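Working notes for the structure below.
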Amino acid sequence: GAVVSQHPSRVICKSGTSVKIECRSLDFQATTMFWYRQFPKQSLMLMATSNEGSKATYEQGVEKDKFLINHASLTLSTLTVTSAHPEDSSFYICSAREDTTGREQYFGPGTRLTVT
Amino acid sequence: AQTVTQSQPEMSVQEAETVTLSCTYDTSESDYYLFWYKQPPSRQMILVIRQEAYKQQNATENRFSVNFQKAAKSFSLKISDSQLGDAAMYFCAYKGAGKSTFGDGTTLTVKP
């Protein structure tokens, strides 16, 4: 089956620094990728939809200047958390929508971000 | 604003039996998508099933099927012939023109 990787799986950074999370579709092309955030009590939030070659579409209430998304190729999207603060600590999940059918959506294993 | 409610925080089912997870939502939109996602203990999310609101036919994926009642704004998930590997947190989600919304999840336990 289709595989989506995320790197790193865990990252600890200091408050005020930036951290980049990579999301790759390993064996399929994905014009569209999604970034989610999962909070400590497990609730999920779609942060943004990442489109290859164009600007990401952010959900209401998500700070686009804080969560920078770049979709540089058909297999890679990155999420950069800028000037991270402890409240940004969370589990970040990406997913990629497979181009051929446009229906299948595959998820990465997630990245645990801890800001100290 | 759209809301999604999963009224069952926890459910359990005997292996090989059938279980139904409930989901209701509130929206003023007429065109939208509904999803069920599975998150096992590994935390690797899986898209279980999706339903386009304009389609009257209920979506099915092997042992998983939905009962989509648009007028009632209900979107329940039925898992037939439950297997141990079905044990997970299940999230119902709504996506329309506005914000995407997830329910709080239902933890499903499968008893051998």
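No value in this document is a laboratory result; all are computed from the given coordinates. Keep in mind that what you see is a predicted model, and the values were worked out from it rather than measured. Here Cβ is always computed from backbone atoms with ideal geometry, including for glycine, and neighbour counts include all displayed protein chains.
Taking region B:33-63, which residues are away from chain A (no Cβ under 13 Å) and over 19 Å from B:Phe102 (Cα atoms)?
B:Tyr54, B:Gln56, B:Gln57, B:Asn58, B:Thr60, B:Asn62, B:Arg63
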Quiz item: Counting just the residues of region B:8-31 that are hydroxyl-bearing (Ser, Thr, Tyr) and outside any loop (DSSP other than H, G, I, E, B), which one comes out nearest to B:Gly98 (Cα to Cα)?
Solution: B:Tyr25
Practice problem: Run down A:Ala84, A:Ala72, A:Ala96 and say which single residue is farther than 16 Å from B:Ile46 by Cβ, among the small types (Gly, Ala, Ser) and in a strand (DSSP E or B). | Solution: A:Ala72
Self-check item: Residue that is nearest to A:Arg103 (Cα to Cα) [pool: residues in region A:12-69 that are among the aliphatic types (A, V, I, L, M) and assigned to a loop (DSSP other than H, G, I, E, B)]
Solution: A:Ala30
Practice problem: Out of the residues in region A:99-116 that are assigned to a strand (DSSP E or B) and among the hydroxyl-bearing types (Ser, Thr, Tyr), state the one that is farthest from the other protein chains (Cβ to nearest Cβ). | Solution: A:Thr114
Quiz prompt | Residue tally, condition under 24 Å from B:Ala93 (Cα atoms) and loosely packed, with under 13 Cβ neighbours inside 10 Å, over region A:14-54 | solution = 3
Quiz item: Filter region B:73-94 for residues that are within 14 Å of another protein chain (Cβ to nearest Cβ) and over 8 Å from the mean Cα position of the chain (by Cα); which is surrounded by the fewest Cβ atoms within 10 Å (Cβ to Cβ)?
Solution: B:Met89
